[in-house]
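Comments concern the structure below.
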Amino acid sequence: MTAPVDFIRDFREAAPYIHYLRGKTLVIGIAGSLLSGSTLQTLAADLNLLASLGVRLVVVHGSRTQINTLAEAHGLTPQYHNGRRITDETTLAHAKQACGMVRSDIEAALSFGLSQTPLRGKPLSIAGGNFVSARPLGIIDGIDMGYTGIVRKIDTEAVRQRLNDGALVLISPLGHSLSGKTFNLSMGDIAEAAAVALQAEKLVYLVEQEGILNEHGQVLPNLSGQEARALLAGGRVQSNQQRLLQSAVNAVENGVQRTQILSGRQNGSLIAELFTRHGVGTSVARNAFMNIRQAQTGDIPDITALIRPLEEQGILLRRSREYLENHIGEFSVLEHDRRIYGCVALKTFADPDIGELACLVVSPEAQDSGYGELLLEHLLGQARSRNIRTLYALSTHTGEWFLERGFQTASSEALPPERLSEYHESGRKSKVFVYHTGANG
Ligand code: 1C4
């Protein structure tokens, strides 16, 4: 029997992410509209899977759709100001009712366990409680927002205690004031505040859209906090997503490593985002001043300074100034605070399905902070967008680094003919690694 090649490749790719996420805290905010029927069942199975892999989960559920359904059933029209619900006594009663129903449905779905696996029938322990204290939003532009509240404090000690006990912490969008009043809060406000208070590894928003969409309706894949801020300032994000993106920016600017916004409707999107290199949806990362961009001729002195010492050690191929001038379009550079710390090149061949990751360098003082990984992700994105299916990397010293990131060893004979003749001429006997990008070709 032959091994299922795709499964083995995907499992190898996922392994470093499984290792990395074990013991890390994820705060996941889920829009209320996703919390019913088969979508809820699928999300609950994925949450169970994450918990079984040792990820510490704080889930904040929304309830907007359910409150609106109750309002409509009573012949009421929901009232909003600046995108925030105005909560009168009746709406507060609906909010409490909606939260009770949603919470109970989530608990039931999570209790179902991982169907078709040995974990079936071993329900995850779910913790609830008065983790969120709130205060009224007050009067905005002369409009009394009633029982609409904002987060005052997250009881991080209590949340951490439950997480340490192995429970999933499930938070409803209600908060209580010190005077004993209940306030209707937004899922996003709580998720952001919890992620910051817990200094979570990631804040994930599961929403209806595929991610944050630009003014043309296209998903914006990777943004730095700084880029996201510029998009918001320029009004280049669809109006109904501005608060969500602002929340993502707030989180990363206050210590959360990354915020991810993705569709909760697409089966498995949460798993794809967390355990594959290419991910899905929009990611907002903390490195505010880090940027990977297309190299320009003016970057050649900086690229030369990066690569010359490694050429002398035989780690990289020699590339003359003339070569760099002629091939600068293949290069990308990583800059931080306008200084270049790394580069990588995508070589193409007569066969359009094939590419090579070449000239990958991170300057010694910036190594071990994930820049190499970011350059690799960037290059894989470029390869996919050009429908390159097979990506080679040749290396004399760095094989392990590629193997740990999902590459596999390959025979030099698999290289395209023009690269194979260079390979023989160089006499370097470099090892050959291959990565299947998943592009459709
Ligand atoms: N082997 C295994 N692991 C390594 C490693 C190595 N040589 N170097 C670093 N790591 C590990 C670190 O220990 C760390 O592990 P940890 O602590 O997280 O467990 C992890 O990698 C760090 O990962 P990162 O994402 O923070 O990576 P960076 O440090 O930012 O960057 C580089 C990784 C390998 C890029 C960086 O160490 C570097 O610049 N090294 C020197 C240059 C180099 O080896 N580049 C790779 C070239 S292979 C050539 C060409 O010219 O085109 C040759 C072609 C031919 O024909 O031979 C290439 C592709 O450029 N090919």
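The values are calculated or read from the model by the stated rules, or taken from the named source; none is laboratory data. Computed from a prediction, not measured in an experiment: that's the story for all the values here. We place every Cβ from the backbone using ideal geometry, glycine too, and count neighbours over all the protein chains shown. With ligands, DNA and RNA removed, areas are computed over all heavy atoms of the protein, side chains included. Shrake-Rupley method; radii C 1.70, N 1.55, O 1.52, S 1.80 Å.
Per residue, the accessible area of region 4-290 comes to 45 Å², computed with a 1.4 Å probe over protein heavy atoms only. With a cut-off of 13 Å between beta carbons, the residues surrounding ALA228 carry a summed charge of +3, where Lys and Arg count +1 and Asp and Glu -1.
Based on protein heavy atoms only, region 291-436 ends up with 49 Å² per residue of surface accessible to a 1.4 Å probe.
Of the accessible area of region 4-290, computed with a 1.4 Å probe over protein heavy atoms only, carbon and sulfur atoms account for 51 percent.
Note that region 83-208 carries a Kirkwood radius of 16.0 Å, evaluated over its alpha carbons pair by pair. Among THR42, THR69, THR77, the residue with the largest mean-square fluctuation in a Gaussian network model of the chain, with springs joining Cα atoms closer than 10 Å, is THR77.
Restricting attention to the chain, the count of lysine pairs at 8 or more positions apart or across chains with alpha carbons under 30 Å apart stands at 12.
Give me the mean projected area, in nm² to one decimal, of the convex hull enclosing the Cα positions of region 291-436.
Reported value for the Cα convex hull: 8.3 nm².
Packing here is the average count of other Cβ atoms within 10 Å per residue, and on that basis the peptides 91-102, 359-370, highest first, run 91-102, 359-370.
Indicate, rounded to the nearest 5 percent, the antiparallel portion of the DSSP beta bridges found entirely in region 291-436. Of those bridges, close to 85 percent are antiparallel. Over the residues of the chain, the helix contribution to mean residue ellipticity at 222 nm works out to -11500 deg cm²/dmol, using -39500 (n - 2.57) for each DSSP H run of at least 4. When its C-alpha radius of gyration is set against 2.2 N^0.38 Å (N residues), the chain gives a value of 1.12.
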